[in-house]
Amino acid sequence: MTRRLRVQFIHGLEGSPQGAKPRFLAMHFDTTAPSMDTSDLEGCIATQAAALAKIDPDVVVGSSYGGAVTVALLDRGFWRGPTVLLAPAAAQLGVRNVLPDGVPVTIVHGVDDDVIPMDDSRALAATGSAGSVRLIEVSDDHRLRSLLDPGALADIVRETYDRTR
């Protein structure tokens, strides 16, 4: 029997561990979504770093604010594994908008996003190692609901993980 992938989901400002994305991911993967106080960015980074050490996920998925937390975790060396970033807010929150070399990262951003500029994700995708970073632009807004209906988010998580093999 094949082991289900372990996914750590890092929610955004309007999200929660019980939101639509972590519930969707839990239908497909062994998903953990640690709660965090989004009024404290450094506290969120510490909370998620501790969870990483405990959970030992196969893939980390960060959404918006959670994407900024995830970029910080990558930048500080707390995480070096397959990563999916959904409209990451790193540049908007003063987090260094760069990816480390050799880490498989998929960035998904809606072309109709009026919260986080698409150019922030394009700039982030230009960092890291060539061939390791993939940017997917989708017809959607900031919430990226279209990723849930056809199951695209599950496919993106699997494809990102498979790039490590």
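The values are calculated or read from the model by the stated rules, or taken from the named source; none is laboratory data. Computed from a predicted model, the values in this text were never measured in an experiment. In this analysis, Cβ positions are derived from the backbone assuming ideal geometry, glycine residues included, and neighbour counts consider all displayed protein chains.
Please work out if Thr127 is out of contact with any His (no Cβ under 8 Å at 6 or more places or on another chain) and either in a strand (DSSP E or B) or not hydroxyl-bearing (Ser, Thr, Tyr) (or both).
Working: out of contact with any His (no Cβ under 8 Å at 6 or more places or on another chain): yes; either in a strand (DSSP E or B) or not hydroxyl-bearing (Ser, Thr, Tyr) (or both): no.
So Thr127 fails the test.
Which is modelled with pLDDT of 95 or more, farther than 15 Å from Gly67 by Cα, of a type in the set (Asp, Glu) and assigned to a strand (DSSP E or B), of Glu137, Glu159? Break it down into steps so the answer makes sense when it comes.
Numbers: Glu159 fails: assigned to a strand (DSSP E or B).
Among Glu137, Glu159, only Glu137 is modelled with pLDDT of 95 or more, farther than 15 Å from Gly67 by Cα, of a type in the set (Asp, Glu) and assigned to a strand (DSSP E or B).
Are there any pairs, at least 6 apart or on different chains, whose C-beta atoms fall under 7 Å, with the first in the range 90-105 and at positive phi and the second in a loop (DSSP other than H, G, I, E, B) and hydroxyl-bearing (Ser, Thr, Tyr), and if so, which?
Gly102/Ser129; Gly102/Ser132
Can you run down the residue pairs with Cβ atoms below 9 Å, 6 or more apart or on separate chains, where the first is in the range 38-52 and over 13 Å from Gly12 (Cβ atoms) and the partner is among the basic types (Lys, Arg)?
Ile45/Arg76; Ala49/Arg76
Filter the range 9-24 down to the residues that are surrounded by 24 or more Cβ atoms within 10 Å (Cβ to Cβ) and modelled with pLDDT under 95 and list them by number.
Result: Gly12, single match.
Taking Gly15, is it under 22 Å from Val115 (Cβ atoms), of a type outside the set (A, V, I, L, M, F, W, C) and not in a loop (DSSP other than H, G, I, E, B)? Write out each step before concluding.
Working: under 22 Å from Val115 (Cβ atoms): yes; of a type outside the set (A, V, I, L, M, F, W, C): yes; not in a loop (DSSP other than H, G, I, E, B): no.
No: the conditions fail for Gly15.
Consider Asp149 against the criteria (1) surrounded by fewer than 17 Cβ atoms within 10 Å (Cβ to Cβ); (2) in a strand (DSSP E or B): it satisfies all of them except one. Which criterion is unmet?
Among (1) surrounded by fewer than 17 Cβ atoms within 10 Å (Cβ to Cβ); (2) in a strand (DSSP E or B), Asp149 violates only (2).
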